[in-house]
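All remarks here apply to the structure that follows.
Just so it is clear, none of the values below were taken in a lab; they were calculated from the coordinates. None of the values given here were measured: they were computed from a predicted structure. Please note: Cβ atoms are built from the backbone with ideal geometry, for glycine as well, and neighbour counts cover all protein chains shown.
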Ligand code: ATP
């Protein structure tokens, strides 16, 4: 069981600049006073009472911490320490300085499949390790695939954000409707029992995007995206996949499979000829094929734009909630908290579908 230290994090770490933000967390660079080492502090608000939808459940956080303790692997972010105050938990994590993999790739002029595969292999190794411990990530998407150091000749992948991750116990039937529409597996949408295979679907989607700059199931609305996933409405459009090897398409086809039991596992992926070629012809094919950089850059620019739009939307929302709370400062504190959960009446950007029914089993 992970220890949540009751001490004040600021007694041990100097809090620095913001590195990123999520729905419930703000991540800041922190400086360890005793050693001078830099880390990433993930500051998470804890839900104060059951009627509030703001903040995270403490048990959910315990699961995130417990999982991070279990999965120590070179391609997974490391957890150093956990602090807890009345309203907040701070995870002290390894500082990942290389930014997102997709941003790193989008800056390149061109990229061979063989170079893209080096990254895919690391992602699969990290994931395979988690899966061997019966842990699923359940939120694989470009934002959660980072690089430890972008100037290294072979940058190292780090998987982050285990906020939706789940450890399967024997006989456990786990259902969840959380995730990001573009990347979720059909069984998430249809509320069937989940397994680590749901991550493998997301790997199929991520590989598809990486090679073509197209998101296979993306519709004009979230509903349309979810429908496309259910009916498996995707194709390798010739104008986007003209530079792609047949092995890469085969790799994707073996992941975008409706039946989770029929999908390739991470271990099987690592043995697929696209990742681990056996013949010289296979090696040559990977070196002749490249990713559709023009389309990929466009995809990434749109993705970044959507992320900043969502961030502005959330900030505005928080300002409004804050004003609402101030205006009602005489009200009962419990009532005030419940009233601040007025989110559902408004339309949300796509990514806010995440964690709406967080980790419901
Ligand atoms: P989400 O709402 O997407 O689930 P979250 O609230 O769980 O997000 P994270 O995704 O873990 O939070 O972190 C938010 C952002 O902070 C990341 O997208 C990334 O930019 C940055 N970040 C997270 N962990 C680290 C780290 N260890 N080192 C550097 N930056 C990090």
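Extending 7 Å from the Cα toward the beta-carbon at both residue 189 and residue 232 defines two label points whose distance is 1.3 nm. Taking only alpha carbon atoms, the chain gives an Rg to Rh ratio of 0.97, where Rh is the Kirkwood radius. As a rough footprinting exposure proxy, the listed residues 76, 189, 229, 46 were ranked by other beta carbons within 10 Å of their own, and the order from fewest upward is 189, 46, 76, 229.
The calculated FRET efficiency for residue 156 paired with residue 133, based on their beta-carbon distance and R0 = 25 Å, is about 0.75.
Between the helical axis of 113-132 and the dominant principal axis of the chain, each derived from Cα atoms, what acute angle in degrees is found, rounded to the nearest 10? Orientation of helix 113-132: about 50 degrees from the principal axis. For region 245-314, the C-alpha radius of gyration sits at 1.52 times the compact-globule guess of 2.2 N^0.38 Å, with N the residue count. DSSP beta bridges confined to the chain are antiparallel in about 90 percent of cases.
Neighbour counts of C-beta atoms inside 10 Å place 224, 113, 17 in the sequence 17, 224, 113, starting with the fewest. Kindly provide the helix-only [θ] at 222 nm of the chain, computed as the sum of -39,500 (n - 2.57) over DSSP H runs of four or more divided by all residues, to the nearest 500 deg cm²/dmol? Taken over the chain, the calculation gives -11500 deg cm²/dmol. Roughly speaking, what is the centre-to-centre gap between region 1-76 and region 240-310 when only Cα atoms are used, to the nearest Å? With region 1-76 and region 240-310 each reduced to a Cα centre, they are spaced 33 Å. Note on region 179-234: percent of Cα-Cα distances in each 10 Å bin, starting at 0 and stopping at the bin with the largest distance, equals 26, 59, 15, 0. In this calculation the C-beta distance from residue 172 to residue 14 is compared with R0 = 30 Å, giving a FRET efficiency of 0.15. Exposure proxy for 308, 85, 215: other Cβ atoms within 10 Å of each Cβ, ordered fewest to most, give 308, 85, 215. Over region 151-245, how many percent of alpha carbon pairs lie in each 10 Å bin up to the one with the longest distance? Per 10 Å bin, starting at zero, the Cα-Cα P(r) for region 151-245 comes out as 14, 40, 31, 14, 2 percent.
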